[in-house]
Amino acid sequence: MLDRLEFDEKTRKAFDEQIIELRKMIEDYLKVTDNIRNMPASKKEDHEAEKRVSEMEIPQKSRDATVIAKELVDDVFNNSMLIQHPRFFSFVASSVSPYSIAGAILSDIYNINAGSYSIAPGAAIIEEKMIKWMGGLAGYDPDKCGGIFVSGGSIATMSAFIAARENKLAHKDILKGTAYFSDQTHSSTIKGLRMLGFGEDQIRKIPTDEDYKIRIDLLIEAIESDLKKGMKPFLLIVNLGTTNTGTIDPLDKLADVKEKYNLWMHVDGAYGGSSLISPIYRNLSKGIERSDSLAWDTHKWMMQTYSCSSLIAKDRNTLLNAFTEHPEYLTDVISSEHADGWDMGPEMSRPTRSIKLWYTVQALGTDLLEEIIEYSFHNAKIVQEMLNERANWEIVSKPSCGTINFRYHPEGYSDEELDELTGKISEAINDSGYAFIVTTTLRNKRVLRMCMINSNTTEEDVRSTVVMLDDIAKKLTGK
Ligand SMILES: Cc1ncc(COP(=O)(O)O)c(C=O)c1O
């Protein structure tokens with residue numbers, strides 16, 4: 001007889017023991033996160049753990065589940081960057097709300113399929129409520145907008161491009177369709193266009209101005225030139241929070257361009273979408289209400305575990321036009337009154353990603369979320385003020401959406417020496433374990449980039465980090 005995964009007495013006992021063990025592991029994890037501020041923000045690579053994982057094999061015989069879990073905790077989970085550390089200022093990394101964790105655990109154990117309304121009506125209603133709330137913050141009409149939660153900004157953006165293509169381009173023109181975006185736009189845009197079959201000759205990367213915003217004059221020039229060549233401009237991607245600098249493109253002016261040339265305007269708000277929650281900062285995105293679609297990652301600034309992103313279209317019918325497919329085996333579960341999730345995006349079976357966000361928003365309330373977002377803007381301004389008060393620091397990009405870029409620039413250093421110095425400052429602070437700050441490159445300058453969207457990052461974390469950077473720079477240069 002096969003020892004199958006049915007809950008016979010033996011399996012049930014093993015499962016119960018595992019649950020007790022898992023509970024302990026979750027408690028240990030929570031103890032770690034309670035103490036996270038006192039832990040190093042940068043992890044030393046553990047090559048022994050890597051080796052142990054590399055040597056793990058696919059077993060022929062069953063193994064003890066508790067041992068497997070321990071191996072995973074020790075060698076896999078704990079040998080990863082501590083991106084939720086309050087002084088981990090790299091990438092677009094955030095803390096995770098305990099409510100998101102609770103929602104994620106519940107969603108995983110119930111494992112409902114959020115494909116359609118009739119399979120999981122409660123989940124579909126919650127997803128729709130979250131989409132309408134977020135769409136409403138973008139100025140879309142909640143009664144008309146629609147969308148779904150997807151795995152990440154990359155998939156949200158690529159799905160929006162499919163909607164753009166299906167709603168704006170005749171099939172015969174697909175090879176002539178051209179897309180426009182700034183040289184600061186996230187790499188997922190180019191990847192998404194490539195995955196959809198658009199060639200390099202259909203992609204226009206438009207230079208940015210001194211504030212890293214798309215140059216509208218050059219955008220119009222490129223569109224006009226394409227029209228003269230018989231191309232079919234159809235898609236404009238605009239930034240609500242670039243990865244490098246947190247920059248928000250001039251959405252209102254870009255909406256004028258969109259309307260003049262009948263383009264689909266997609267807003268990449270994977271990072272900055274959450275700024276729409278703040279009544280103070282929402283107006284930085286004025287014009288967003290005239291866009292056609294928005295990608296918004298709540299696993300960035302809204303404390304969600306991966307994967308929790310959203311694709312929101314101003315008019316849900318544009319998504320339904322692009323994605324609806326009704327095979328005979330779904331006839332009994334297709335809703336006649338509701339827009340089903342699987343008709344608004346590429347996935348059929350999917351987890352209910354919106355529930356953990358719902359849990360978080362319900363538990364915290366929007367007032368607190370507003371404060372969290374505004375505090376990130378505040379902290380980036382603190383960095384700017386402190387650097388301005390200290391000698392030799394050059395602000396390379398102004399604070400925006402909680403991000404700022406800068407470098408130490410003493411007199412007499414060549415461009416190459418400055419780049420090298422920036423790298424050394426980053427290495428030194430990372431080696432100290434106090435904070436984690438990596439570099440990026442802006443207009444050929446290597447810079448230190450601090451992104452402060454972690455809800456646990458305090459002003460004191462930020463201030464002490466700047467003081468430390470200043471000390472390191474002075475020690476390295478003697479200036
Ligand atoms: C501006 C922007 N767009 C898109 C993405 C891609 O999002 P994801 O990693 O969720 O696919 C990112 C990721 O950092 C981003 O910062």
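The values are calculated or read from the model by the stated rules, or taken from the named source; none is laboratory data. For clarity, every value in this text was computed on a predicted model and none was experimentally measured. Note that each Cβ is placed from the backbone with ideal geometry, even for glycine, and that neighbours are counted across all protein chains shown. With ligands, DNA and RNA removed, areas are computed over all heavy atoms of the protein, side chains included. Shrake-Rupley method; radii C 1.70, N 1.55, O 1.52, S 1.80 Å.
Taking every residue in segment 401-429 that is at positive phi and pairing it with any residue that is among the β-branched types (Val, Ile, Thr), at least 6 positions away or on another chain, the pairs with Cβ-Cβ distances below 6 Å are 402/453.
Only residues that are within 17 Å of residue 452 (Cα to Cα), open to solvent by 60 Å² or more (accessible area, probe 1.4 Å) and not in a helix (DSSP H, G or I) were counted across segment 360-405, and they come to 1.
The single condition among (1) within 16 Å of the ligand (Cβ to nearest atom); (2) open to solvent by 10 Å² or more (accessible area, probe 1.4 Å) that residue 246 does not meet is (2). Kindly evaluate residue 132 against the criterion of being buried (at least 18 other Cβ atoms within 10 Å of the Cβ) and free of Cβ contacts under 8 Å to residues at least 24 places away in the same chain. Spelling it out, residue 132 is indeed buried (at least 18 other Cβ atoms within 10 Å of the Cβ) and free of Cβ contacts under 8 Å to residues at least 24 places away in the same chain.
Pairs are defined by a Cβ separation below 7 Å, a sequence spacing of at least 6 or placement on different chains, a first member in segment 175-188 that is on the phi < 0 side of the Ramachandran plot, and a second member that is small (Gly, Ala, Ser); the pairs so defined are 176/230; 180/222; 186/270; 188/153; 188/154. For residue 103, the requirement of being touching a residue at least 40 places away in the same chain (Cβ under 8 Å), open to solvent by less than 50 Å² (accessible area, probe 1.4 Å) and of a type outside the set (A, V, I, L, M) is met.
The lone criterion from (1) part of a helix (DSSP H, G or I); (2) modelled with pLDDT of 95 or more left unmet by residue 332 is number (2). Could you grab me the full set of residues in segment 440-463 that are open to solvent by 30 Å² or more (accessible area, probe 1.4 Å) and within 17 Å of residue 388 (Cα to Cα)? If the condition is that a residue be open to solvent by 30 Å² or more (accessible area, probe 1.4 Å) and within 17 Å of residue 388 (Cα to Cα), then 459, 463 are the ones that fit. Does segment 170-189 contain any residue that is within 16 Å of the ligand (Cβ to nearest atom) and surrounded by fewer than 17 Cβ atoms within 10 Å (Cβ to Cβ)? Checked segment 170-189: at least one residue is within 16 Å of the ligand (Cβ to nearest atom) and surrounded by fewer than 17 Cβ atoms within 10 Å (Cβ to Cβ). Restricting 58, 83 to residues that are within 30 Å of residue 467 (Cβ to Cβ) and not assigned by TED's automatic domain parsing to the domain that holds residue 293 narrows the list to 83.
Against the condition at pLDDT 95 or above and either away from the ligand (no atom under 16 Å from the Cβ) or within 22 Å of residue 162 (Cα to Cα) (or both), how does residue 278 come out, does it pass? For residue 278, the condition - at pLDDT 95 or above and either away from the ligand (no atom under 16 Å from the Cβ) or within 22 Å of residue 162 (Cα to Cα) (or both) - is met.
Does segment 87-101 include one or more residues that are away from the ligand (no atom under 16 Å from the Cβ), more than 30 Å from residue 283 (Cβ to Cβ) and part of a helix (DSSP H, G or I)? Looking through segment 87-101, at least one residue is away from the ligand (no atom under 16 Å from the Cβ), more than 30 Å from residue 283 (Cβ to Cβ) and part of a helix (DSSP H, G or I).
Once segment 283-292 is narrowed to residues that are open to solvent by 10 Å² or more (accessible area, probe 1.4 Å) and in a helix (DSSP H, G or I), the residue that is nearest to the ligand (Cβ to nearest atom) is 284.
Can you find a residue that is outside any helix (DSSP H, G or I) and small (Gly, Ala, Ser) anywhere in segment 418-425? Checked segment 418-425: no residue is outside any helix (DSSP H, G or I) and small (Gly, Ala, Ser).
Yes/no matrix, rows are residues, columns are (1) more than 30 Å from residue 460 (Cα to Cα); (2) in a loop (DSSP other than H, G, I, E, B); (3) open to solvent by 90 Å² or more (accessible area, probe 1.4 Å):
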residue	(1), (2), (3)
27	no, no, no
33	no, no, no
59	yes, yes, no
68	yes, no, no
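For segment 293-328, the tally of residues that are assigned to a loop (DSSP other than H, G, I, E, B), away from the ligand (no atom under 16 Å from the Cβ) and open to solvent by less than 30 Å² (accessible area, probe 1.4 Å) stands at 1. Within 16 Å of the ligand (Cβ to nearest atom) and either at pLDDT 95 or above or hydrophobic (A, V, I, L, M, F, W, C) (or both): is that true of residue 270 in this structure? Judged against the criteria, residue 270 is a match. Confirm whether residue 332 is buried (at least 23 other Cβ atoms within 10 Å of the Cβ), acidic (Asp, Glu) and assigned by TED's automatic domain parsing to the domain that holds residue 111. Against the criterion (buried (at least 23 other Cβ atoms within 10 Å of the Cβ), acidic (Asp, Glu) and assigned by TED's automatic domain parsing to the domain that holds residue 111), residue 332 does not qualify. The single residue among 240, 236, 251 that is within 26 Å of residue 440 (Cβ to Cβ), within 14 Å of the ligand (Cβ to nearest atom), modelled with pLDDT of 95 or more and of a type in the set (A, V, I, L, M, F, W, C) turns out to be 240. Tell me yes or no: at least one residue of segment 135-153 is hydroxyl-bearing (Ser, Thr, Tyr), at pLDDT 95 or above, open to solvent by 10 Å² or more (accessible area, probe 1.4 Å) and under 22 Å from residue 321 (Cα atoms). There is at least one residue in segment 135-153 that is hydroxyl-bearing (Ser, Thr, Tyr), at pLDDT 95 or above, open to solvent by 10 Å² or more (accessible area, probe 1.4 Å) and under 22 Å from residue 321 (Cα atoms). Answer with yes or no whether residue 265 is buried (at least 17 other Cβ atoms within 10 Å of the Cβ), over 19 Å from residue 130 (Cβ atoms) and within 16 Å of the ligand (Cβ to nearest atom). In short, yes. Quick check on segment 112-123. Is at least one of its residues in contact (Cβ under 8 Å) with a residue 12 or more places away in the chain, open to solvent by 50 Å² or more (accessible area, probe 1.4 Å), of a type in the set (Ser, Thr, Tyr) and in a helix (DSSP H, G or I)? Looking through segment 112-123, none of the residues is in contact (Cβ under 8 Å) with a residue 12 or more places away in the chain, open to solvent by 50 Å² or more (accessible area, probe 1.4 Å), of a type in the set (Ser, Thr, Tyr) and in a helix (DSSP H, G or I).
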